[in-house]
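The values are calculated or read from the model by the stated rules, or taken from the named source; none is laboratory data. Please read these numbers as outputs of a predicted model, since none were measured by experiment. Positions of Cβ are backbone-derived with ideal geometry, glycine not excepted, and every protein chain shown enters the neighbour counts.
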Amino acid sequence: MNLKKGESSMKIDNNIVKLENYLQNIDKSKKAKDKNEINNSATKKKKDSIQLSYEADKGKQVQDLLKQMPMEREDKIAEIKSRIENNTYNIKGEEVGERLLVESMLINKLV
């Protein structure tokens, strides 16, 4: 698997943008739903119901989104092992640092 310079970070950046947009849409939907429920509660009779907390609902939606993301770990591991065995594995510290920062930002957005 040969990656062009910047290709990996572009995929990560693109996934982060998609995830941020997705989370913003969830927030907007939740606020609209809450407002609608407040307006409807005054005019309707109370019924027995169960409702997941906002955080649980948001967590489930994020989990579903993450399941849809491609997992390329096995191919990546095999490629790195091969490159190490052939003494062709060279990685720049700057790339590692950038990747760590991006993943940290993603995790902070999810928490």
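Can you say whether Leu52 is assigned to a loop (DSSP other than H, G, I, E, B), among the hydrophobic types (A, V, I, L, M, F, W, C) and more than 16 Å from Tyr22 (Cβ to Cβ), as far as the supplied structure shows? Here the answer is yes, as Leu52 does meet what is asked. With respect to (1) more than 30 Å from Asp34 (Cα to Cα); (2) touching a Phe, Trp or Tyr at 6+ places or on another chain (Cβ under 7 Å), the lone exception for Arg73 is condition (2).
Taking the criterion of being in a loop (DSSP other than H, G, I, E, B) and farther than 30 Å from Glu55 by Cα, the residues of region 79-111 that qualify are Asn86, Asn87, Thr88, Tyr89, Asn90, Ile91, Lys92. In region 62-91, the residues that are farther than 17 Å from Leu19 by Cβ reach residues that are assigned to a helix (DSSP H, G or I) with C-beta atoms within less than 7 angstrom, at least six apart or across chains, in these pairs: Tyr89/Ile80; Tyr89/Arg83. Taking the conditions (1) at pLDDT below 80; (2) assigned to a helix (DSSP H, G or I) in turn, Ile26 satisfies each one other than (1).
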